[in-house]
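Report on one structure; see the data block that follows.
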Amino acid sequence: MLPAIHSSSFSSQVLFPLPSKHGCSNPMKSVIRTETCNVGGKRSTRPRTMVFGSNGDKQEVGFQGGERLYLGMDFGTSGARFVVIDKEGTIHAEGKREYPSFTKEETMDWAGSWRMTLFLLLEDIPVNLRPLISSISIDGTSATTLIIDSTTGEPLSKPLLYNESCPDALPIVKSIAPVNHTVCSGSSTLCKLVSWWNNDDSNRESALLMHQVDWLLWLLHGELGVSDYNNALKVGYDPELDSYPPWLLSQPYSRLLPSVRAPGTSIGHLKKDIRRQFELQMKFYKYAVVGLPDDCVVCTGTTDSIAAFLAARATKPGKAVKISQLFNFCTYYG
């Protein structure tokens with residue numbers, strides 16, 4: 001038998017201004033409608049938004065809270081950006097940030113800079129859109145590698161960027177991998193792992209490999225050791241086998257490898273402390289909470305080139321996409 005569901009709701013007018021809707025003479029107002037449901041004795045509250053504008057004496061409705069939006073973030077070489085879209089691909093908000101210059105022991109603290117940028121981008125999302133975001137994902141530069149502490153999630157050494165090479169590890173990797181494999185490059189993730197393994201034996205027991213995207217997403221969902229198969233290609237993951245190959249699993253450092261899921265797979269809900277960090281509370285007759293919703297999920301990411309390809313919407317055979325890493329754009333031919 002299904003549990004009984006009872007609901008009640010109230011509406012409060014939000015005090016912050018919203019951008020004018022095209023064709024409206026007056027700026028829109030947003031109403032946050034908070035619905036409380038009892039499901040099997042448990043209470044669940046979710047804010048829902050309705051945006052209004054006026055055209056002369058006629059009131060117009062913009063979008064309603066039932067509409068779900070999706071947040072994507074792109075972490076590039078010099079900065080990051082976000083976009084909020086709906087299921088049709090319509091852009092509702094976008095923005096970008098340059099990486100702040102953090103230093104640690106006289107070197108660039110990339111991890112600290114990425115972390116700060118992530119939360120600055122979340123802060124930049126318009127308040128009226130936050131309750132509508134149902135899922136979040138991130139893309140980043142492939143082969144950007146972190147070795148982190150599996151207990152705390154903090155880096156054990158400086159991140160190795162996508163274009164950094166580890167020539168000391170290349171002969172070792174070539175001796176175990178198939179000829180011309182993706183990992184047979186000094187800048188591959190596997191070469192970076194092998195180089196770290198051979199030069200730092202003090203933290204092996206607690207170490208875990210994570211790609212840039214994996215680590216940033218972990219800050220949002222809290223589950224360490226999860227990656228996607230696009231990022232994992234350069235560490236040796238075999239998408240045809242849907243697993244790491246035997247020649248890699250037989251190595252002593254294979255226990256540092258993350259678990260792998262398909263890009264866009266739900267990992268877990270946004271952490272409660274993150275949701276609370278980006279809430280705005282307004283007291284009227286009751287509290288109306290405007291923030292990222294409780295059921296917002298964080299999904300596995302992908303690499304920047306794959307994200308650009310998907311954004312170009314080349315979905316049929318015969319279509320081509322030209323991707324430029326230098327200028328961070330893609331051109332669609334079709």
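Each reported figure results from applying straightforward, stated rules to the coordinates on display, with no laboratory input. Everything numeric here is computed off the predicted structure, so don't read it as measured data. For neighbour counting, all protein chains shown are included, and Cβ atoms are generated from backbone atoms with ideal geometry for every residue, glycine included.
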Q. Out of curiosity, is T103 over 19 Å from C299 (Cβ atoms) and free of Cβ contacts under 8 Å to residues at least 24 places away in the same chain?
A. yes
(Q) All but one of (1) surrounded by fewer than 20 Cβ atoms within 10 Å (Cβ to Cβ); (2) under 25 Å from E106 (Cβ atoms) hold for C166; state the number of the condition that does not hold. (A) (1)
Q. Inside the range 106-136, can you point out the residues that are in contact with an Asp or Glu (Cβ under 9 Å, 6 or more places away or on another chain) and either assigned to a helix (DSSP H, G or I) or surrounded by 20 or more Cβ atoms within 10 Å (Cβ to Cβ) (or both)?
A. A111, T117, R130, L132
(Q) Need pairs with beta-carbon distance below 7 Å; first residue farther than 23 Å from S305 by Cα and within the range 231-252, second not in a helix (DSSP H, G or I); sequence gap 6+ or separate chains. (A) P245/G236; P245/D238; W247/A177; L248/G236
Q. When S165 is evaluated against the numbered criteria (1) free of Cβ contacts under 8 Å to residues at least 60 places away in the same chain; (2) under 22 Å from D228 (Cβ atoms); (3) of a type outside the set (V, I, T), which criterion, by number, is the only one it fails?
A. (2)
Q: Hey, can you tell me all the residues within the range 95-104 that are in a strand (DSSP E or B) and closer than 15 Å to F75 by Cβ?
A: G95, K96, R97, E98
Q) Does S175 satisfy the condition of being surrounded by fewer than 16 Cβ atoms within 10 Å (Cβ to Cβ), more than 30 Å from K87 (Cβ to Cβ) and out of contact with any Phe, Trp or Tyr (no Cβ under 7 Å at 6 or more places or on another chain)? A) yes
